[in-house]
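Worksheet: one structure, shown below.
Taken together, the values in this text are just the output of simple stated rules run on the coordinates, not laboratory data. Bear in mind the structure is a predicted one, so any value in this text is a computation, not a measurement. Note: ideal-geometry Cβ built from the backbone for every residue, glycine included; neighbour counts use all protein chains shown.
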Amino acid sequence: MSDRSSHPLDGVVVVDATDASGAYCGRLLADLGADVVRIEPPSGDPMRHHEPTVRLASGEIVSCFERFVNLNKRSVTLDVTNDAGRDLARRLVGHCDVLLDTPGPGDVTSLGLTSEELASLNPDLVRVSISSFGFEGPYAQYASDDLITIASGGLLSLGGYEDTPPISVYGNQTYFAESIFGAVGAVLGLLAREQDATARRIDVCGQEAMANALEDAVPDYDLTGSIRRRFGGQAREAGSGTFACADGFVTMVAGRLGTAAAWMSLVAWLNEVGTEGAGELLDQCWNDHSFRQRRESITYFADVFERFARTRLKHDLYHEAQARRIALAPVNTFADVLADPQLEDRGFFETVADPIAGVDLTYPGRPYRIDGLGPMVVRPAPTPGEHTRDVFEVMLGVTSEELRYLEKEDAP
């Protein structure tokens with residue numbers, strides 16, 4: 001394990017008091033070198049049961065989500081329902097640079113501290129609040145989850161099929177979107193604080209994050225008056241869509257969403273290899289966007305292309321399409337991604353022995369590179385309260401006697 005001397009957030013202390021919707025934010029900051037301290041109640045953090053989960057050979061159920069978002073963090077257990085615990089929470093907030101929280105009713109943090117208390121405890125604090133509707137406005141106090149947030153932001157309307165109600169995408173996408181915005185806000189807050197030594201309050205609203213993900217739906221309505229509909233896996237035009245091949249599927253954009261050059265290159269390719277029915281695509285009518293958007297045109301093209309693709313492997317199709325400047329990509333399985341030579345060459349994946357799972361886990365690494373940034377420091381996601389003594393004794397100067405007293409108070 002390398003040291004953190006070459007990491008941009010070296011020396012930055014972050015207190016993570018979020019729920020599942022903001023926990024990935026702390027992970028992103030930890031990957032940049034911050035010392036992220038996750039606060040968990042002695043009764044147990046609900047996030048440790050967050051789906052998806054796996055059952056170990058021992059019978060214990062482990063949250064894959066929790067092991068992922070808590071990588072590189074430290075964990076302390078703290079009961080903020082009693083006076084001693086709240087006092088320690090105040091001391092910890094007074095020591096940190098960034099507080100990540102999911103505000104509750106009245107804008108009180110999960111640590112039980114109000115905005116006024118935070119300001120008096122740490123005048124230079126960068127507070128990043130992550131919630132579905134922000135800390136003010138008519139919905140600020142509403143409870144929410146991934147499904148409600150993605151629906152209120154409008155993105156759910158595009159998920160699913162033409163003949164079904166909306167269907168949400170898998171994997172708590174709003175939680176990751178909110179966290180990414182939160183990490184950006186935290187870094188911007190720290191940079192701004194360097195300039196004027198002033199505290200910052202960053203308000204991350206999941207609803208706005210989802211509205212930002214509507215792709216071309218808003219400008220499409222603004223420019224043409226058309227309301228974008230959900231299509232599911234159905235192609236919107238000949239030349240674009242997902243198609244079967246010899247060992248799985250490929251996805252391609254070579255129609256209106258691509259370029260005229262890509263469409264012509266694709267048609268030329270199909271004819272060069274003598275694909276049955278490809279000659280029909282040379283007719284001038286196929287150069288017209290509206291013609292390619294007809295249902296019968298979409299069906300005809302799909303039949304022709306899949307006759308061609310079913311005799312070829314997806315990665316062979318990908319490399320040849322890239323050479324012809326056609327936007328085609330394989331639909332990868334998890335095994336495909338882990339074996340990808342590009343990701344392997346960049347050292348994207350990190351493997352770490354996990355103390356709870358009892359096996360080595362492979363994690364996606366940082367999805368970026370920065371000049372001068374050292375190798376990613378990989379520390380396994382902690383066990384509950386694993387660093388309680390270290391954080392309180394070393395960071396805050398709590399005596400062993402005080403800590404023993406607190407541990408007795410925290411005992412069930």
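Label-point separation (nm) for Glu401 and Asp303, each offset 7 Å from Cα along Cα-to-Cβ?
The modelled label-to-label distance comes out at 8.8 nm.
Take peptides 272-285, 64-77 and line them up by average Cβ neighbours within 10 Å, highest first, as a rough protection proxy. Mind dumping the intermediate values first?
Details: 272-285: 13.4, 64-77: 21.6.
Highest-to-lowest ranking by the protection proxy: 64-77, 272-285.
Quick one: check the C-alpha center-to-center distance for segment 170-194 versus segment 236-307, whole angstrom.
40 Å
Sort all Cα-Cα distances of segment 240-331 into consecutive 5 angstrom bins from zero, then give the percent of pairs in each bin up to the one containing the longest distance.
Pair shares across the bins are 3, 15, 27, 31, 18, 6, 1.
Can you tell me the mean projection area, over all orientations, of the convex hull of segment 1-56's alpha carbons? Units nm², please.
About 5.3 nm², averaged over all directions.
Which value at 222 nm does the chain reach when only helices count, each DSSP H run of 4 or more adding -39,500 (n - 2.57), with the total divided by all residues and rounded to the nearest 500 deg cm²/dmol?
Values: 15 runs with 143 residues, N = 412.
When only DSSP H runs of four or more count, the value is -10000 deg cm²/dmol.
How large is the dipole of segment 240-331 about the Cα centre if only Lys and Arg carry +1 and Asp and Glu carry -1, each at its Cβ, rounded to the nearest 20 debye?
Its charge dipole is roughly 280 debye.
How big is segment 314-412 by Rg and Dmax over its Cα atoms, in Å?
So, for segment 314-412, Rg and Dmax equal 22.5, 71 Å respectively.
Over segment 240-331, calculate the relative contact order: mean separation of alpha carbon pairs under 8 Å at least 6 apart, over the residue count, as a percent. Display every interim value, and only then the final one.
On the way: 118 pairs, mean separation 41.7, N = 92.
RCO, segment 240-331: 45 percent.
Give me D for segment 93-165 in µm² s⁻¹, whole number, from Stokes-Einstein with Rh from the Kirkwood sum over alpha-carbon pairs, 10 °C and 1.306 mPa s.
Working: Rh = 14.3 Å.
Rounded to a whole number, D works out at 111 µm²/s.
Any idea what the relative contact order of segment 1-88 is, in percent, if you count C-alpha pairs under 8 Å spaced at least 6 apart?
Details: 127 pairs, mean separation 24.6, N = 88.
With pairs under 8 Å counted, the relative contact order is 28 percent.
Provide, for q = 0.13, 0.16, 0.19, 0.26 Å⁻¹, the log10 of I(q)/I(0) from a solvent-free Debye sum over equal Cα point scatterers in segment 207-292.
Here the Debye-derived log intensity ratios amount to -0.56, -0.79, -1.00, -1.39.
Could you tell me the calculated FRET efficiency between Ala143 and Asp371, based on Cβ-Cβ distance and R0 = 30 angstrom, to the nearest 0.05?
Working from the Cβ atoms, E equals 0.10.
From largest to smallest, what semi-axes in whole angstrom does segment 129-254 give when each is the square root of 5 times an eigenvalue of its alpha carbon gyration tensor?
Working: eigenvalues 234, 66, 46 Å².
Result for segment 129-254: semi-axes of 34, 18, 15 Å.
Nothing charged except the Cβ atoms of Lys and Arg (+1) and of Asp and Glu (-1): what's the magnitude of the dipole of the chain about its Cα centre? Round to the nearest 20 debye.
On the way: 36 positive and 62 negative charges, 166 e Å.
Charge dipole of the chain: 800 debye, to the nearest 20.
Binning at 10 Å from 0, report for segment 44-117 what percent of all alpha-carbon pair distances ends up in each bin.
15, 40, 29, 14, 1
Ranked highest first by average number of other Cβ atoms within 10 Å, how do 126-132, 207-213, 175-181 line up?
Values: 126-132: 27.1, 207-213: 19.0, 175-181: 23.0.
Highest mean packing first, the order is 126-132, 175-181, 207-213.
Along its principal axes, what span do the Cα atoms of the chain show, with the longest given first and each in whole Å?
84, 47, 46
Regarding segment 249-298, what is the average projected area of its C-alpha convex hull, in nm²?
Values: hull surface 15.2 nm².
That works out to 3.8 nm².
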